[in-house]
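Novice: Questions regarding the structure given below will be posed in turn.
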Amino acid sequence: MPTPSQTARLLAVTLLLWVVATAYLHFLPSRIVNPLSGALAYVTTIPVAWLSIVIIRMAAQLTPAQLLPGVCLVGTAAMMLDGAVLRWMPHLYATDERVLHFGAAWLLWGYGLSLGIALLMSRRAPHPAQA
């Protein structure tokens, strides 16, 4: 598990990543609802998710054993922020219901992708019993 210091850094990274994703939805709504650019947004989320995991690992100086719990903490906090904002302040993302719908779907895709990438990265890392 992450230490208290690492947890604080992970929560700071959570806020940064959440603000970036929120700004993307708010300022570039056509990138989500347009069929071609919407599909491209899903594809380009793959390297962005991978980079996010690398940033999370570096920012909190996570050990291989801490990577998956750390990413889960970031994902949990960000999903809770998204859930609250979508419920009580959806205008932070968009005023168009279609953008909110497609944006929420894209966010779910990104979270699932990030968690899957973290799982794969943590499985590749040497475990204490193997090291």
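Novice: Can you confirm whether region 78-101 contains a residue that is small (Gly, Ala, Ser), under 15 Å from SER122 (Cβ atoms) and part of a helix (DSSP H, G or I)?
Specialist: The answer is no; no qualifying residue exists.
Novice: Are any residues in region 25-37 in a helix (DSSP H, G or I), more than 16 Å from the chain's Cα centre (by Cα) and aliphatic (A, V, I, L, M), and if so, which ones?
Specialist: The answer is ILE32, VAL33, LEU36.
Novice: While we're looking at this one, here's another question. Within the set of pairs 6 or more residues apart or between chains, which connect a residue that is over 17 Å from SER114 (Cα atoms) inside region 31-44 to a residue that is open to solvent by less than 70 Å² (accessible area, probe 1.4 Å) and β-branched (Val, Ile, Thr) with Cβ atoms less than 7 Å apart?
Specialist: Matching pairs, first to second residue: ILE32/VAL99; VAL33/VAL99; GLY38/ILE32.
Novice: Of the residues MET89, MET80, MET1, MET58, only one is exposed (fewer than 15 other Cβ atoms within 10 Å of the Cβ) and within 12 Å of the chain's Cα centre (by Cα); which? Outline the logic, then answer.
Specialist: On the way: MET89 fails: within 12 Å of the chain's Cα centre (by Cα); MET1 fails: within 12 Å of the chain's Cα centre (by Cα); MET58 fails: within 12 Å of the chain's Cα centre (by Cα).
None of the other options fit; the residue is MET80.
Novice: Further, regarding this structure: Could you count how many residues in region 93-110 are in contact (Cβ under 8 Å) with a residue 40 or more places away in the chain and either open to solvent by less than 30 Å² (accessible area, probe 1.4 Å) or within 24 Å of ILE46 (Cα to Cα) (or both)? Outline the logic, then answer.
Specialist: Let us first name the residues in region 93-110 that are in contact (Cβ under 8 Å) with a residue 40 or more places away in the chain, namely 93-94, 96, 98-99, 102-103, 106-107, 109-110.
Keeping just the survivors that are either open to solvent by less than 30 Å² (accessible area, probe 1.4 Å) or within 24 Å of ILE46 (Cα to Cα) (or both) gives 93-94, 98-99, 102-103, 106-107, 109-110.
Looking only at that region, the number is 10.
Novice: Over 24 Å from SER122 (Cβ atoms), part of a helix (DSSP H, G or I) and open to solvent by less than 30 Å² (accessible area, probe 1.4 Å) - does that describe any residue in region 13-24?
Specialist: So far as region 13-24 goes, yes, one or more of its residues are over 24 Å from SER122 (Cβ atoms), part of a helix (DSSP H, G or I) and open to solvent by less than 30 Å² (accessible area, probe 1.4 Å).
Novice: Run PRO64 past the list (1) in contact with a His (Cβ under 8 Å, 6 or more places away or on another chain); (2) open to solvent by 20 Å² or more (accessible area, probe 1.4 Å); (3) under 19 Å from VAL19 (Cα atoms) and report the number of the one that doesn't hold.
Specialist: Unmet condition: (3).
Novice: Next question. Testing VAL71 on (1) more than 14 Å from VAL19 (Cα to Cα); (2) open to solvent by 10 Å² or more (accessible area, probe 1.4 Å); (3) assigned to a helix (DSSP H, G or I), one condition comes back false. Which one is that?
Specialist: Going through the list (1) more than 14 Å from VAL19 (Cα to Cα); (2) open to solvent by 10 Å² or more (accessible area, probe 1.4 Å); (3) assigned to a helix (DSSP H, G or I), VAL71 breaks only (2).
The values are calculated or read from the model by the stated rules, or taken from the named source; none is laboratory data. This structure is a prediction, so every number in the text was calculated from the model and none was measured. Cβ coordinates were reconstructed from backbone atoms using ideal geometry, including for glycine residues, and neighbour counts include every protein chain displayed. Accessible surface is based on the protein model in full, side chains and every heavy atom, while ligands, DNA and RNA are left aside. Shrake-Rupley method; radii C 1.70, N 1.55, O 1.52, S 1.80 Å.
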